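Structure first, commentary second.
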Amino acid sequence: SEMYTSSVLGLVKLLDIENKFVLHMKEYAEAQEQKLETLKIYLKTLERVALKSKKEQNEFVSNPLQVFSLIRRLREDWPKLQVLTKAEVGAEQLQAMTELLDLAPTKEDMDETLEGMDRIEVTYDFNPFDIAKGLLNGQQFNHTLSIRDCLAMARHKYGNKNYGGAFVWYSIALKREREPNSFTYDKVLGGALDGVREQFARMRILKDMTENEPLLSEKQVRERVDKILKSANSTALDYFVNELLEQDDSYLMAEGKLEKSKVTSHHVGCRDQFPKRTHLTCRYNSTTTPFLKLAPLKLEEINLDPYIVMYHNVISDSEIEEMKRQTVNMSNGLSAFASWNQSQPARVVARVKWLMNPTPFVERLNNRITDMTGFQLQEFPSLLVANYGIGAFFQPHYDYVTTDRVRVEDNYGLGDRSASVVFYASNLEGGSTVFTELQLTVRPQKGNSLVWYNLFDDDTPDPRSRHSVCPTITGSRWILIKWIHSLPQTFAKPCQARPAQPTK
Ligand SMILES: O=C(O)CCC(=O)C(=O)O
Ligand SMILES: [Fe+2]
């Protein structure tokens, strides 16, 4: 089935599905309403004076006019009313709704979107109380999370053994006033808050015990907490929960924060907290190829060693539209739960498509990359397009494939990926490219292109090229990526001996 959450391209389809569902349900409700109306009208025709005493009843059936009507009604009208009552109305709509259910997001999609939300909150150190109120990245949206939304977040974090995070989201849910009609909602969807106060208390105790009793196993901790909660009387539990809920948001929030020891360079980069670079310049590049004499490219230095540059305005809006037209059938995507290799943890959440054929578009882009870098691309003209999902990211990684087991020559005979070129094809919030070792954050800007080296001049891996992509906060992240293989560059790339490395 389709994985919606791996990209914005997939997510947009859900709107259409929901619209159709709502339409069918409306028609269904209208049909039911009509039936109800008819029933009520017929009920009216059956009204007659109440006959209380035996005497009154006898009088009634002694009147031939009344008896005649009574018999005819029961004989001729009743069966038809029975048919009306039993009539299934809206069967067509019911069927259509059932069919739409098959297109509903799967559990994988649900898990992926929960992970995405979690990732946005934790990576950027956002305040979950703000998120629940619709305040994201300093922008107030006209949408708040419902109690059930908040509880889903809490349960997800609990499932991930993030007891502090679950504690906060349970508290948000419990502090919320119930929505109007909550009684009806609960009848249909189940009691939203059933058992939630106890779960909230459980998170608190679980978190404390995990921290205070590091020698206990996961299972032992859970068993002990179960015991504590079982033996607690309800008044004491109520008191405990009420005390906690009276704390202010900042106290509760502190429980859900990512532990200091777990804040990585990727997080710091995404939060834009690396020290700012100085002594870097911008200039026109008019020398890499003769064509640049006519049309120099705007170059911004990002880092000098290893060399990283950003070219400005090197892919136009209309080229980006053309790129999107070539990618209508993107693969279902990579995600935390549906990656190419199930045994690996989440690495990237995005849909991708290789542009393999040497179309005019691909050739034009390759020529541009040659202008930017001077590299030879004839041996491997393919480009890769990616569209990320909400909260989608790319874990810190290296673009080179050389490992102890994979030798350079094995990479399609092209050598390793000596440089990478990423074209940013949309504007968005979040989604920066972070160089975790170099402590650099590069914000995507539509039309720009980032170029960096993954290998030293002697073609050995340069671990300083380790990079990641921050979660998208809002927007649709489109990129076009080109990996430049080293062997075809033998005569194109200036080669210097690597400075001697300190030996261990
Ligand atoms: O999208 C980006 O900014 C970088 C993508 C990337 O690192 C990759 O595809 O290998
Ligand atoms: Fe990469």
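The values are calculated or read from the model by the stated rules, or taken from the named source; none is laboratory data. A quick note: this is a predicted structure, and the numbers were derived from the prediction, not measured. Positions of Cβ are backbone-derived with ideal geometry, glycine not excepted, and every protein chain shown enters the neighbour counts.
Counting only helices (runs of 4 or more DSSP H) that fall entirely inside the range 88-163 and contain at least 3 residues that are at pLDDT below 95 and over 14 Å from the mean Cα position of the chain (by Cα), the qualifying elements are 91-101. Got at least one residue in the range 50-73 being surrounded by 11 or more Cβ atoms within 10 Å (Cβ to Cβ) and either on the phi > 0 side of the Ramachandran plot or not assigned by TED's automatic domain parsing to the domain that holds PHE21 (or both)? Checked against the condition, which is being surrounded by 11 or more Cβ atoms within 10 Å (Cβ to Cβ) and either on the phi > 0 side of the Ramachandran plot or not assigned by TED's automatic domain parsing to the domain that holds PHE21 (or both), the range 50-73 yields no hits at all.
For LEU14, are the conditions met, namely being over 29 Å from THR113 (Cβ atoms), among the aliphatic types (A, V, I, L, M) and surrounded by 11 or more Cβ atoms within 10 Å (Cβ to Cβ)? No: the conditions fail for LEU14.
Applying a threshold of 6 Å to beta carbon distances and a minimum spacing of six or more residues, or different chains, the list of pairs starting in the range 52-77 at a residue that is of a type in the set (D, E, K, R) and ending at one that is at pLDDT 95 or above is empty. If only residues of the range 361-376 that are modelled with pLDDT of 90 or more and not in a helix (DSSP H, G or I) are counted, the one that is surrounded by the most Cβ atoms within 10 Å (Cβ to Cβ) is PHE375. Per the listing HIS467, HIS397, the residue uniquely surrounded by 24 or more Cβ atoms within 10 Å (Cβ to Cβ), within 15 Å of ligand 2 (Cβ to nearest atom) and under 18 Å from TRP483 (Cβ atoms) is HIS467.
Failed condition for LYS40, given (1) exposed (fewer than 12 other Cβ atoms within 10 Å of the Cβ); (2) at pLDDT below 90; (3) more than 30 Å from ALA392 (Cβ to Cβ), with all others met? Looking at each condition in turn, LYS40 falls short on (2). In the range 409-440, which residues are among the hydroxyl-bearing types (Ser, Thr, Tyr) and either outside the structural domain of HIS312 (by TED's automatic domain parsing) or near ligand 1 (Cβ under 10 Å from one of its atoms) (or both)? The answer is SER420, TYR424, SER432, THR433. Would you be able to tell me the number of residues in the range 298-336 that are part of a loop (DSSP other than H, G, I, E, B) and modelled with pLDDT under 90? Counting residues in the range 298-336 that are part of a loop (DSSP other than H, G, I, E, B) and modelled with pLDDT under 90 gives 10.
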